[in-house]
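The values are calculated or read from the model by the stated rules, or taken from the named source; none is laboratory data. If you're wondering where the values come from, they're calculated on a predicted model, not measured in any experiment. Methodologically, a virtual Cβ is constructed for each residue, glycine included, from the backbone with ideal geometry; neighbour enumeration extends over all protein chains shown. All accessible areas refer to the heavy atoms of the entire protein, side chains included, with ligands and DNA or RNA removed. Shrake-Rupley method; radii C 1.70, N 1.55, O 1.52, S 1.80 Å.
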Amino acid sequence: SARFPRIAAQGPEVWVVWQDERAGQVPRRPAVYLRHSSDGGQSWQPEQLVRSLDGRAERPVIALRPDGKPVVAWQEIRAAEPMDVFAQLLGVDAEPVNVSRVGKSFQAANIFDSRSAIYPASVWPTLAVRADGRIALAYHDDRTDADPLWTGQTLSGDSSDVDNWQIRVHTRDADGDWSEAASLGADDRADRHAALAYAGDGSLICVWDSKTLDAAGANLSIRHARSSDGGTRFLTGETLLGGDEQAFSQYPRLGLDPDGRVRAVWTDNRSADWRWKTMTATLDLGQGWSAGQLLGGAGINSWPAVAGGQLLFASTRNSQRLQRDPTQQVFLRSLP
């Protein structure tokens, strides 16, 4: 079971990283694998095992420094420990670094109440690299929630409301260590699924989806923030991307257009037939974010990714049955 591939390319150098369960699924022990091509993907060097442990290493992401060295991040968990985000700059770091553990408290359940366990999770990592080699890493984290992961306790928590997830952002200079985390999001919202990009002026852009702490009946919207000091402090935008609290907007991704503009894409439900479509907006460094543009097309269009002005997305447009047709295909289109 090979899942969740991510790709980074720089000239003819192409790297792919993925989560792999070739060792079996009883028990589940996914590992992180890496593979490299130096001729644009025409041929591939042998696989490299990045991380295998007595636990689960999952959802890897990858980015390349200007010198061609890949940085890989992933989430992992093992017995009696919480889910954490690890990162490794291959060719520089001798071992992976647990970036999210600093300041995290956790405890096993007591013998009187199994719900008393506290294991705050750090999940869904994402990476970006600046032209000078500075690395940014973001993930969402629920350490500020009273009962992380909906565990609940005696006389506290009903195990149904969404956790108080926050976005945490770390940075690392080309020759430095990982910084302390900058925290984004609000304590009365679940802030998740971050994406990162460096703008042409070197500022760091972060977007994510956000909802109130309700188990149901709450819409997701896309929030954004910008740091002009390398990621230490962020200015959170007052307006939403797409600008509609009543829409359902989720899973944003960022990329750079050929003219250097930062572009956001996300999955959105505000089409006339309520089917999922892709929405996009671009960042003008002087004017801010453009109004959201809904991209039309038949079928349900979701899980977008963007780079170089090109959009990839999954679509059901060639389904034949009215219901439960499993047809899913990946499409490519140029963006306006």
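Some notes on this structure:
- Residue within region 162-185 that is charged (D, E, K, R), in contact with a helix residue (DSSP H, G or I) (Cβ under 9 Å, 6 or more places away or on another chain) and modelled with pLDDT under 95 present: yes
- Residue in region 282-294 that is more than 15 Å from Gly242 (Cα to Cα), among the hydroxyl-bearing types (Ser, Thr, Tyr) and open to solvent by less than 60 Å² (accessible area, probe 1.4 Å) present: no
- Failed item in (1) open to solvent by 70 Å² or more (accessible area, probe 1.4 Å); (2) free of Cβ contacts under 8 Å to residues at least 60 places away in the same chain; (3) of a type outside the set (Gly, Ala, Ser), with Phe86 passing the rest: (1)
- Any hit, region 4-12, residues being open to solvent by 60 Å² or more (accessible area, probe 1.4 Å), farther than 28 Å from Pro304 by Cβ and in contact (Cβ under 8 Å) with a residue 12 or more places away in the chain: no
- Answer residue from region 89-102, given it is free of Cβ contacts under 8 Å to residues at least 60 places away in the same chain and not aliphatic (A, V, I, L, M) and is surrounded by the fewest Cβ atoms within 10 Å (Cβ to Cβ) among those: Glu95
- Condition check for Arg233: outside any strand (DSSP E or B), in contact with a Leu (Cβ under 8 Å, 6 or more places away or on another chain) and either open to solvent by 80 Å² or more (accessible area, probe 1.4 Å) or more than 17 Å from Ser203 (Cβ to Cβ) (or both): no
- Here Ser227 passes the criteria (1) among the hydroxyl-bearing types (Ser, Thr, Tyr); (2) open to solvent by 10 Å² or more (accessible area, probe 1.4 Å); (3) more than 23 Å from Asp161 (Cα to Cα) except the one numbered (2).
- Scanning region 1-33 for residues that are of a type in the set (S, T, N, Q) and in a strand (DSSP E or B) returns Gln10, Gln19, Gln25.
- Qualifying residue in region 255-278 (condition: hydroxyl-bearing (Ser, Thr, Tyr), open to solvent by 40 Å² or more (accessible area, probe 1.4 Å) and in contact with a strand residue (DSSP E or B) (Cβ under 8 Å, 6 or more places away or on another chain)): no
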